[in-house]
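J.: Before I ask anything, let me first share the structure, which is written out below as structure tokens.
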């Protein structure tokens, strides 16, 4: 990072202050609005991550050994909200580390800590609906497994409303993995100078907005957007091939009706799903992504099958009457 005495930084600062002085002289109201906007956005950007819930993952396999992994899921304003329902849900991962006790020493058992952060609106919306929360939980586990190359035992995963580890470590963990994304001092000066240069101080400029530098996902063209998965890592420049997985599902057998909720993260359209149902089982596949072969606990009338796919949550819901 450049020194505060760097001539380039000082020159940029002088230019910015000069433009702000000119704005204040020509249109005091516009100047006040501009400064207030910068203060509000700067304050929001600098807020700390807020703990949402913790996933305890016993019997996790990491580098060939079994351990207990704790995933502290947080909400953080630095993580953007998806622009539309069809866009992937941005997520930011922290750094994997050993769980330390009160004396800052490793615990006796093999315990690891990891942090994830979503936009606050995402965690809030998912906290109000059981199925939406299940989706967020599975997205968190998918991301963790893919990023850390670990394997969790999902049947053993439990949720807790208490964080594991000191809260101050959460931001350190997330900051460390995000530090390469933060703008340099010179870039902040250049960016703000450019935006101020483009700002026309007049009564017709009310619709113009100038923002402090912020983290954004890389813009993609329409063809690339169609290939994006439901969950997206911020500023990841490495794409990984997706292996065919067995999707997570919930089966309910009540009142003569069989209901199956299948989570298909990353599937954008029902046309991508190949589904075959008989009176004894179902076979589901999504090319290069998912495969599920599921026997029914009781025979069914396959001609009564009803299917509904929610593009927003990636959930396929099937209902069929038992014989």
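J.: Show me the strands (runs of 3 or more DSSP E) found entirely inside region 240-323 where at least 1 residues are more than 23 Å from residue 129 (Cβ to Cβ) and either in contact with a helix residue (DSSP H, G or I) (Cβ under 6 Å, 6 or more places away or on another chain) or in contact (Cβ under 8 Å) with a residue 60 or more places away in the chain (or both).
T.: 273-277, 281-286, 315-321
J.: Sticking with this structure for a sec: Going through region 130-179 one residue at a time, which ones are outside any helix (DSSP H, G or I) and closer than 20 Å to residue 76 by Cα?
T.: Once the filter is applied, which keeps residues that are outside any helix (DSSP H, G or I) and closer than 20 Å to residue 76 by Cα, region 130-179 yields 159, 160, 161, 162, 163, 164, 165, 166.
J.: Here is a further query. Failed condition for residue 57, given (1) modelled with pLDDT of 80 or more; (2) surrounded by 15 or more Cβ atoms within 10 Å (Cβ to Cβ); (3) farther than 19 Å from residue 142 by Cβ, with all others met?
T.: Unmet condition: (3).
J.: Out of curiosity, is residue 153 loosely packed, with under 14 Cβ neighbours inside 10 Å, in contact (Cβ under 8 Å) with a residue 40 or more places away in the chain and touching a strand residue (DSSP E or B) at 6+ places or on another chain (Cβ under 9 Å)?
T.: For residue 153, the condition - loosely packed, with under 14 Cβ neighbours inside 10 Å, in contact (Cβ under 8 Å) with a residue 40 or more places away in the chain and touching a strand residue (DSSP E or B) at 6+ places or on another chain (Cβ under 9 Å) - is met.
Conditions tested, residue by residue: (1) at pLDDT 90 or above; (2) over 19 Å from residue 264 (Cβ atoms); (3) under 13 Å from the mean Cα position of the chain (by Cα).
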{"residue": "96", "(1), (2), (3)": "yes, yes, no"}
{"residue": "105", "(1), (2), (3)": "no, yes, no"}
{"residue": "121", "(1), (2), (3)": "yes, yes, yes"}
{"residue": "127", "(1), (2), (3)": "no, yes, no"}
{"residue": "136", "(1), (2), (3)": "yes, no, yes"}
{"residue": "140", "(1), (2), (3)": "yes, no, yes"}
{"residue": "159", "(1), (2), (3)": "yes, yes, no"}
{"residue": "164", "(1), (2), (3)": "yes, yes, no"}
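J.: Now, a different point. Of all residues being in contact with a helix residue (DSSP H, G or I) (Cβ under 8 Å, 6 or more places away or on another chain) and part of a strand (DSSP E or B) in region 62-84, which is farthest from residue 124 (Cα to Cα)? Just the residue, please.
T.: 62
J.: Quick test of your reading of the structure: residue 116 fulfils all but one of (1) under 25 Å from residue 168 (Cα atoms); (2) at pLDDT 90 or above; (3) surrounded by fewer than 18 Cβ atoms within 10 Å (Cβ to Cβ). Name the failing condition by number.
T.: Residue 116 satisfies every listed condition except (3).
The values are calculated or read from the model by the stated rules, or taken from the named source; none is laboratory data. Note that the structure is predicted; figures quoted are calculated from it, not measured. Positions of Cβ are backbone-derived with ideal geometry, glycine not excepted, and every protein chain shown enters the neighbour counts.
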